[in-house]
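Right, one structure below, let's go through it.
What follows draws every value from the coordinates through simple rules; no lab data is involved. These numbers come from a predicted model, not from an experiment. Here Cβ is always computed from backbone atoms with ideal geometry, including for glycine, and neighbour counts include all displayed protein chains.
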Amino acid sequence: MTSRAGHSRAGYREEGRRDVAVVAFAQTAHVRAADSLSEVEMLLPVLREVLDGTGLSAGEIDFTCSGSCDYLAGRPFSFTMALDGVGAWPPISESHVEMDGAWALYEAWVKILTGEAETALVYSYGKSSAGDLPEVLTRQLDPYYVAPLWPDSPSLAALQARALIDAGETDERELAGIAARSRNAAQDNPYAQLAGSPAAGTLLEDDYLAQPLRLHDVPPVTDGAAAVLLAAGDTARRLSRRPAWISGMDHRIDPHGLGVRDLTDSPSTRLAAERAGLFAPGAPPPDVAELHAPFTSQEVVLRKALRLGEDTVVNPSGGPLAANPVMAAGLIRIGEAAARVSRGEARRAVAHATSGPCLQQNLVAVLEADGGEDEGGGQA
C-alpha cells in the first residue's frame, strides 16, 4: 500500500491500495432483553452517535450496509424496517448481509477500496431474546444430517471443548480462567452485560451445562446493536484525529460438515489472518486482540490460529463472554479494536469475527495507527 508521510508501515502493506479507516464506533448498553425497544429504537442512538461524532449527516454518507438475521426477528426482510433508523429518503446506496455486521463492514470496505464510495456507514443488531436462541441457531447447520437432530449451540461447543481437552490443549481450569479474566475485564466496559466474576476455582464448583462446559463457559443471551463509520484517505484524517487504519482484512470458511474438520484447529482463521497481513514479515505483534469467541474453549483455538503471545492483550472489553448480541458481536470486536487504536492505547490491533457452528466461518481484520503519531483522542 502506498506510504503516507511519516508512515512506518509501508514495508509490509500491499502497494497501490486505498487507505481506509474506522473513524467512529458506537454500541448500545447491552442487556438480556430490550423488550420495550424495537430494532429501530435500539439502533437510532448508535447511528446518531457515529454521525454526530464526525459531524456528518446521513445524506453525506456514500454507502450504507447492515448485518442482521431474519431468523432472530422471526419475519422475512426485517432489515428493511431497520432502515427507518437510517432514513432511506432521499434514496440512498444501501446493501444488507444476512450475517454478522463484520461481513457488512467487509462489503463496505471493498466498496471504498474500489473507489465507489468515500464514506460508509455499517450497522448491525440482534434481539436474541425474542426466541429460543440455541434452537434458532440449529437452522445454520447441515440441513440433511445435523439440523434434524436439533443439537443446540452449547452442546456443539461442548464437543469442541472435549476435543481440545482430549488433545491436551486445554483443561477445565484454564477455561474457567478465561471466563473469569474476560468478565473481570468487562468491569471497565460500561456497555457490557456481564461484569465481574468469582475466581476460577469457585467457578469450577458449578454444575455442568453440557460437559465439559459450565454456565461460565457460554455467552449470555444479549440484545444490542452497533455502528461503525468508515472513510478513505484524507476524508478519514479530517473526520478523526487518530483514524484506525484497516491495513488488511480477509474472511475464509471451513467445511460445513463437523465430522470432516479438526475441531481443535481453525485453518480458515489462520488463512484469513495470513491474507490480512497479520503475520507479514517485519510487522510487530498486535498489542490488542478482540476475539469473537462466544465459548471459552474457542479462545484457545483462536489464540493458536492467530499466533497470539503473552504480549497481546486479549478481549480487554470482556469480549462476547460479557455481551453477545448475535449478528453484532463480530462488528463490535472490530469497533472495540479500532477504539483502542484511536485512543492511543494500541499501535496495532487484530479483530476477529465468526459465524456458524464451532468457528466455521472466520473474518480477521488488522487495524493500525499512523506511524509517528503519539497524540491520543480521535472519535472512533
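In plain terms, the chain from residue 129 to residue 274 could stretch by 48.6 nm, reckoned as 0.36 nm per residue minus the Cα-Cα distance.
Within a Cβ distance under 13 Å of residue 151, other residues only, what is the Lys/Arg minus Asp/Glu net charge?
Net charge in that neighbourhood comes out at -2.
Compared with the alpha-carbon gap, the fully stretched path from residue 208 to residue 17 is longer by 63.8 nm at 0.36 nm per residue. Sorted into 10 angstrom bins from 0, the C-alpha pair distances of the range 53-127 split as 19, 50, 27, 3 percent. Around the Cα centre of the range 96-184, unit charges on the Cβ atoms of Lys, Arg, Asp and Glu (plus for the first two, minus for the last two) sum to a dipole of about 240 debye. Rounded to the nearest angstrom and listed largest first, the equivalent-ellipsoid semi-axes of the range 29-80 from its Cα gyration tensor are 24, 16, 8.
Annotation: amide H-H contacts under 5 Å for residue 248 (H modelled 1.01 Å from N, sequence separation of 5 or more, or interchain): 366.
For the range 139-276, a crude dipole built from +1 on the beta carbon of Lys and Arg and -1 on the beta carbon of Asp and Glu, taken about the Cα centre, is about 860 debye to the nearest 20. Show the residues, 5+ positions off or on another chain, whose built amide H is closer than 5 Å to the amide H of residue 326. Hits under the 5 Å cutoff: 128, 222. For the range 220-285, the convex hull drawn through the C-alpha positions has a volume of 193 cubic angstrom per residue. Residue 165 sits among other residues whose Cβ lies under 10 Å from its own Cβ, and their net charge, with Lys and Arg +1 and Asp and Glu -1, is -4.
If you run the Gaussian network model on the chain, springs between alpha carbon atoms under 10 Å, then out of 177, 59, 101 the most flexible one is 59.
Taking the 0 to 90 degree range and rounding to the nearest ten, how far is the long axis of helix 267-276 tilted relative to the main principal axis of the chain, both from C-alpha atoms? Orientation of helix 267-276: about 10 degrees from the principal axis. Think of each Lys and Arg Cβ as +1 and each Asp and Glu Cβ as -1; about the Cα centre, that makes the dipole of the chain roughly 620 debye. Would you please state which residues of the range 256-272 a label at residue 307 would reach in this model, taking the label point 7 Å out along Cα→Cβ and a backbone N cut-off of under 17 Å? Hits in the range 256-272 for residue 307 at 17 Å: 266-272. Taking a Cβ cut-off of under 12 Å around residue 116, the surrounding Lys, Arg, Asp and Glu residues balance to a net charge of -1, with basic ones at +1 and acidic ones at -1. What FRET efficiency do you get for residue 110 and residue 40 if R0 is 30 Å and r is their Cβ-Cβ distance, rounded to the nearest 0.05? With a Förster radius of 30 Å, E is 0.65. The range 202-221 and the range 96-169 have Cα centres separated by 21 Å. Applying the Kirkwood pairwise sum to the alpha-carbon positions of the range 137-245 produces a hydrodynamic radius of 17.2 angstrom. The slack between residue 77 and residue 166, meaning 0.36 nm per residue of separation minus the straight C-alpha distance, is 27.7 nm. Using a Debye calculation, one point per C-alpha and no hydration shell, please list log10 I(q)/I(0) for the range 243-380 at q = 0.09, 0.20 Å⁻¹ in order. Taken in order of the listed q values, log10 I(q)/I(0) reads -0.24, -1.15.
Here is the P(r) of the chain: all C-alpha pair distances, binned every 10 Å from 0, give 5, 26, 35, 24, 9, 1 in whole percents. Sorting the segments 217-230, 124-137, 33-46 by their residues' average number of neighbouring beta-carbon atoms within 10 angstrom, most packed first, yields 217-230, 124-137, 33-46.
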